[in-house]
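I have placed the structure first, in the form of structure tokens, so that the comments after it can refer back to it.
The values are calculated or read from the model by the stated rules, or taken from the named source; none is laboratory data. Quantities reported herein were computed from a predicted structural model and do not represent experimental measurements. No Cβ is skipped: glycine too gets one built from the backbone with ideal geometry, and neighbour counts run over all protein chains shown.
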Amino acid sequence: MIEIELLSRVDNLCDYTFDFCWHNRQFDPDTPTPYQNGTEYTYRDLTDALKMETEVHITGDVGKRLAQGMGADIRHLGGTGGIGTRTTSRIFVDGDVGSEAGLGMVAGAVYVSGMVEEPLGNIIEVRSDVAGYRKFVSVTDLLCNHRHEVPVSNSLDPGGVGLRLVLNDGILRGTLCARCDCPVDVIVEGDAHNGTGLLMRQGTVTVTRDAGMNTGAHLNGGTVVVRGVVGEFAGAYMKRGVLLVGGGMGYAGADMKGGAIYSRRKIATSPPAEKTRITGADMSLIRKLVGAGRFESMRYSKYEVDESDAYVAVPMRDGSLVMRRVD
């Protein structure tokens, strides 16, 4: 067990992605976390302990993005891109937790004695098995691996092939169903935060209102339906699957590799995503996903990779890449 006392809030603790770059500030994961009382644990020490199924106990309030990507075998760190082999890691916090806890989290559990700020990440509160603590688990893990857990203020019912989870607690969540690879049906009665369906491979997520930035980003076979409007960068880096939206802000489909984006209102796209002809099969799919009539389904536009054109990635000064057509 690792025990650490914090005298002030610290962001990015127990981050499996080691993506410690926020607002142009980057730091070394091998530096000690600040505001410790009597210990010298580094950011990496805490994450490595969890990967070895060692519990981490934190006394004091914790900052933003606790347990980001917890349980994931991160590809850019040499992993498979899926869920790691060890999935029983536990974090205990005697205090409050900042917003976006559990972004992209796919395994393990977080126990909190105090409050957890919204928006949450890919986590849901379930009936606790430890007195004095609220228990949070990954939505992905709950649906695919730990169906015995009982959600608090939400409903989990057997569906057709998989499970059906209805999130109606009014809590805003981001990266919902991240890396999900099982046949499930998730209904969000309200809005969703950023990254809904991130790296999703199977299952369907339906948001009845609006969703934030990066909705359907890196989608790899799942289905994401947003009846309202999505934020910028929807469908970025999509490989497979379906993203259906009511409308969008900014550009969608940046560096898209495959799959299809459907939108009831015209949206702007980034190359290589382009508007293509909608077919009878497309309209049948739309009717199935949103219950639209035949006439209503004809009003949707379809966007996908136009393989007739070639594009090249042009590096920009800020480090980003822009896809430009090769003449």
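If a residue has to be touching a residue at least 40 places away in the same chain (Cβ under 8 Å), closer than 22 Å to Cys182 by Cα and not in a strand (DSSP E or B) to count, how many in the stretch 103-124 make the cut?
Residues in the stretch 103-124 being touching a residue at least 40 places away in the same chain (Cβ under 8 Å), closer than 22 Å to Cys182 by Cα and not in a strand (DSSP E or B): 7 in total.
In the stretch 80-93, which residues are modelled with pLDDT of 95 or more and either surrounded by fewer than 17 Cβ atoms within 10 Å (Cβ to Cβ) or not aromatic (Phe, Trp, Tyr) (or both)?
Matches in the stretch 80-93: Arg90, Ile91, Val93.
Determine which single condition Val226 fails, assuming it passes every other condition in (1) outside any strand (DSSP E or B); (2) without any contact (Cβ under 8 Å) to a residue 40 or more places away in the chain; (3) within 27 Å of Leu165 (Cβ to Cβ).
Here Val226 meets the rest and fails (1).
Taking only the stretch 125-170 into account, find how many residues are surrounded by fewer than 14 Cβ atoms within 10 Å (Cβ to Cβ), among the charged types (D, E, K, R) and in a loop (DSSP other than H, G, I, E, B).
Residues meeting the conditions: 3.
Given the residues Ile267, Ile278, which is the only one that is of a type in the set (A, V, I, L, M) and in contact with a Lys or Arg (Cβ under 6 Å, 6 or more places away or on another chain)?
Exactly one of Ile267, Ile278 is of a type in the set (A, V, I, L, M) and in contact with a Lys or Arg (Cβ under 6 Å, 6 or more places away or on another chain), namely Ile278.
Residue check: is Ala211 in a loop (DSSP other than H, G, I, E, B), buried (at least 24 other Cβ atoms within 10 Å of the Cβ), in contact with a strand residue (DSSP E or B) (Cβ under 9 Å, 6 or more places away or on another chain) and not polar (S, T, N, Q)?
Yes.
For the stretch 229-250, how many residues are buried (at least 22 other Cβ atoms within 10 Å of the Cβ), part of a loop (DSSP other than H, G, I, E, B) and on the phi > 0 side of the Ramachandran plot?
Total meeting the criteria: 2.
Determine whether the stretch 291-300 contains at least one residue that is at pLDDT 95 or above and either touching a strand residue (DSSP E or B) at 6+ places or on another chain (Cβ under 6 Å) or of a type in the set (A, V, I, L, M) (or both).
Within the stretch 291-300, one or more residues are at pLDDT 95 or above and either touching a strand residue (DSSP E or B) at 6+ places or on another chain (Cβ under 6 Å) or of a type in the set (A, V, I, L, M) (or both).
I need the full set of residues from the stretch 60-75 which are within 14 Å of Arg9 (Cα to Cα) and in a strand (DSSP E or B), in order please.
Val62
Here is a check on your reading of the model: is Glu117 surrounded by fewer than 18 Cβ atoms within 10 Å (Cβ to Cβ), at pLDDT 95 or above and either assigned by TED's automatic domain parsing to the domain that holds Gly63 or not polar (S, T, N, Q) (or both)?
yes
Which residue, of Leu77, Leu7, is at pLDDT 95 or above and not basic (Lys, Arg)?
Testing whether each residue is at pLDDT 95 or above and not basic (Lys, Arg) leaves just Leu7.
Working only within the stretch 251-274, note down all residues that are over 20 Å from the mean Cα position of the chain (by Cα), small (Gly, Ala, Ser) and part of a loop (DSSP other than H, G, I, E, B).
Ser270
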